[in-house]
Amino acid sequence: INSTNFHLFLFNIFYVFVCSALHTFITTYTEISEEKITGIPKFFAVTTLDGRQIDYYDSEIKKLIPRQDWMKEFASGDRFKEYTEIRERVQQTNKINIHFLMQQFNHSHGVHTYQRTYGCDWDDETRYSRGFDQYGYDGEDLISLDVKKFQYITHVPQGLITTVKWNNNTAQLEFLKQYYQLDCVNWLKYLLMLRKVDLERRGTPEVSLLQKDPSSPVLCHATGFYPAAVTITWLKNGQDHYEDVDLGELLPNVDGTFQKSSTLNIIPEESKTNRYVCEVEHKGRTFQKILTEDEIKSNTSKLIVVFTPFLKLPSPCGKKSRVAVFLGLFKINMVAC
């Protein structure tokens, strides 16, 4: 890659599976061979929980930073300092590894990347858990850990020397076995507990009335609530109204809260001669929005794009459709389950 026309796209790195009750805990390390890329740190690390960034570290700030309010208390403890030190050591190791790989690939110069993505997922309904640990070079799969046999597998000839070396390190393999069979999921559950406490404290619904134009249906939209149980009802002149009402599905937000909507199909004259109210009930509290011109907001659609690391993690949903396209050094993975 010529450094003069190289573009690295950096986004919040999300890894989202559309599967009920599935939780993911993922850390990604990225090392860049060149130091002369303005605004791009040579090394950075991102950890996500259910696709939401919870901490960040890079070679310029040299400090692990919590990205969620509920992580700040945890970040004040000794364990968080230990994680900072781990990332400092990883940074030094990756600096050596990327130059070794450049030799293996016969790359003497230019911008190259070396990445590791590892973590686990856990289904809180089936209690099924799975670990994963994968390495890549320049956006392509390099080495992965078989978490059943606990042996490294190379995907290209240039990874063979490293694979043999790692497979002979029995102490490290035993450590990884302990981590992926027990520690990783325990950490995931602990972080879910911290997040749940925070969500329950602040997770009340925000209710809005949305309409594209005066002749369009009116959408009553509730978002930002936790837990998921919610009731949305339309009232007409003080009575429950079910005619021409379409109730939407419950959907997750990226911060762990939920959203839901109910659509009322009426003609403009109906709203002028009758009193319509959207009523949302959540955790014993009632929230109302009266259908008036002042309450209606313009319903502008939003496009949400989820960016993930380039590594191809197997879908926990089974053999479902996966669409993958490349953007810079990262691949966008969209999993339909």
Let me see the pair-distance distribution of segment 22-200: every alpha carbon pair, 5 Å bin width, integer percents in order. 1, 7, 15, 19, 19, 17, 12, 6, 3, 1, 0
Residue by residue, what Karplus-based ³J(HN,Hα) values in Hz, rounded to whole numbers, does segment 177-186 have, using 6.51, -1.76 and 1.60 with θ = phi - 60° and x for Gly and Pro? 4, 4, 5, 7, 8, 9, 5, 4, 5, 4
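Whole number please: convex hull volume per residue of the Cα set in segment 147-271, in Å³?
Dividing the Cα hull volume of segment 147-271 by its residue count gives 185 Å³.
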Checking rank on 135-146, 61-72, 170-181, with mean other Cβ inside 10 Å and highest first, the result is 135-146, 61-72, 170-181
Counting all C-alpha pairs of segment 204-298, share separated by more than 22 Å (%): 23
Difference of contour (0.36 nm per residue) and Cα-Cα distance, ASN186 to GLN288: 32.7 nm
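Every number in this text was worked out from the coordinates using simple rules, so none of it is lab data. On a predicted model such as this, the values are computed, not experimentally measured, just so you know. Quick reminder, even Gly has a Cβ in these numbers, built from the backbone with ideal geometry, and neighbours come from all protein chains shown.
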